[in-house]
Amino acid sequence: MAILEVCCTDERSVKAAQDGGAQRVELCADIEADGLTPSDELIRMALATGIRVHVLVRPRAGNFIYNVREGDEIVDSIRRAVALGAHGVVVGALTAEGDVDVSLCQRCLEAAGEASVTFHRAFDVCRDPLTAFDTIASLGFDRLLTSGHEAKAEQGVALIRQLVERSHALASAATSRLTVMPGSGVSSKNARSILDATGATEIHGTFRERVDGQLMTTAEEVRNTILQILKPN
């Protein structure tokens with residue numbers, strides 16, 4: 001069965017992910033800004049539930065080109081999240097030319113220590129996805145979250161499949177081990193088709209429904225997604 005990661009921003013959404021049967025949450029604040037670094041209090045709360053927690057580290061909205069001060073803030077936030085007990089962190093940084101910021105990423109990986117490290121969807125606005133993929137793999141990231149250089153993962157399945165196949169080739173050559181995880185626009189209605197089309201073994205989404213006029217992550221939508229993933233071909 002594929003691993004289901006749920007993007008969560010508060011105690012209610014973490015509980016919904018856990019009750020629905022998700023294996024992991026990506027914890028962040030301000031989802032309307034595409035996610036920012038959560039507070040220490042929120043990290044502690046999520047970890048207390050017992051579910052596996054990967055903490056998004058992103059100091060501000062906007063692009064992924066960071067100055068020295070912002071880079072230092074990212075590294076400090078990674079160290080703090082790991083010290084609190086986070087199982088992983090989710091980061092990403094680009095140069096002004098649109099390439100992976102190798103120097104800052106190396107600092108991030110060093111700060112994370114033994115924790116799992118995911119390169120986030122900064123990848124989807126990089127200059128050259130295949131070159132960026134190889135750089136991310138060679139740096140030693142554990143995972144890449146991507147919509148395949150499109151707004152939604154459903155639209156990017158061709159590139160995602162290419163990246164999955166590339167990751168398998170690198171693993172066979174024993175040069176790296178990078179898991180490709182589709183994300184963006186994933187729901188119970190399309191999770192299985194995205195997994196089938198890409199060959200991915202992990203998938204990411206908010207799994208939100210409209211409840212009393214508000215969009216919120218629900219245990220039912222998480223559960224329905226897992227039921228779809230479990231269906232035989």
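The values are calculated or read from the model by the stated rules, or taken from the named source; none is laboratory data. Only a predicted model underlies this, so the values are computations on that prediction, with no experimental measurement involved. So basically every Cβ, Gly included, is an ideal-geometry build from the backbone, and we count neighbours across all protein chains shown. Quick note on the areas: whole protein, heavy atoms, side chains included, nothing else; ligands and nucleic acids left out. Shrake-Rupley method; radii C 1.70, N 1.55, O 1.52, S 1.80 Å.
Quick rundown of the values:
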{"read-out": "Inter-residue pairs, beta-carbon under 6 Å, first closer than 17 Å to E73 by Cα and in segment 93-110, second aromatic (F, W, Y), 6+ apart", "value": "A93/F64; A93/Y66; L94/F64"}
{"read-out": "Test result for A86, under 28 Å from R12 (Cβ atoms), assigned to a loop (DSSP other than H, G, I, E, B) and of a type outside the set (F, W, Y)", "value": "yes"}
{"read-out": "Answer residue from segment 1-11, given it is in contact with a strand residue (DSSP E or B) (Cβ under 7 Å, 6 or more places away or on another chain) and over 19 Å from L227 (Cα atoms) and is surrounded by the most Cβ atoms within 10 Å (Cβ to Cβ) among those", "value": "C8"}
{"read-out": "Restricting segment 109-159 to residues that are open to solvent by 50 Å² or more (accessible area, probe 1.4 Å) and β-branched (V, I, T), the residue that is farthest from I203 (Cα to Cα)", "value": "T131"}
{"read-out": "Residue in segment 108-128 that is under 23 Å from G35 (Cβ atoms), touching a Phe, Trp or Tyr at 6+ places or on another chain (Cβ under 7 Å) and of a type in the set (G, A, S) present", "value": "yes"}
{"read-out": "Candidate set: segment 199-225, residues that are within 15 Å of G21 (Cβ to Cβ) and in a loop (DSSP other than H, G, I, E, B); chosen: the one most open to solvent (accessible area, probe 1.4 Å)", "value": "T218"}
{"read-out": "Top-ranked residue in segment 160-178 [being open to solvent by 30 Å² or more (accessible area, probe 1.4 Å) and in contact with a helix residue (DSSP H, G or I) (Cβ under 7 Å, 6 or more places away or on another chain); ranked as nearest to L230 (Cα to Cα)]", "value": "R161"}
{"read-out": "All positions within segment 91-108 that are assigned to a strand (DSSP E or B) and either surrounded by fewer than 22 Cβ atoms within 10 Å (Cβ to Cβ) or among the aromatic types (F, W, Y) (or both)", "value": "L94"}
{"read-out": "When residues of segment 32-56 are limited to those that are of a type outside the set (D, E) and on the phi > 0 side of the Ramachandran plot, the one surrounded by the fewest Cβ atoms within 10 Å (Cβ to Cβ)", "value": "G50"}
{"read-out": "Verdict on V186 being under 15 Å from I3 (Cβ atoms) and assigned to a loop (DSSP other than H, G, I, E, B)", "value": "yes"}
{"read-out": "Subset of segment 37-61 [among the aliphatic types (A, V, I, L, M) and within 17 Å of E11 (Cβ to Cβ)]", "value": "L42, I43, M45, A46, L47, A48, I51, V53, V55, L56"}
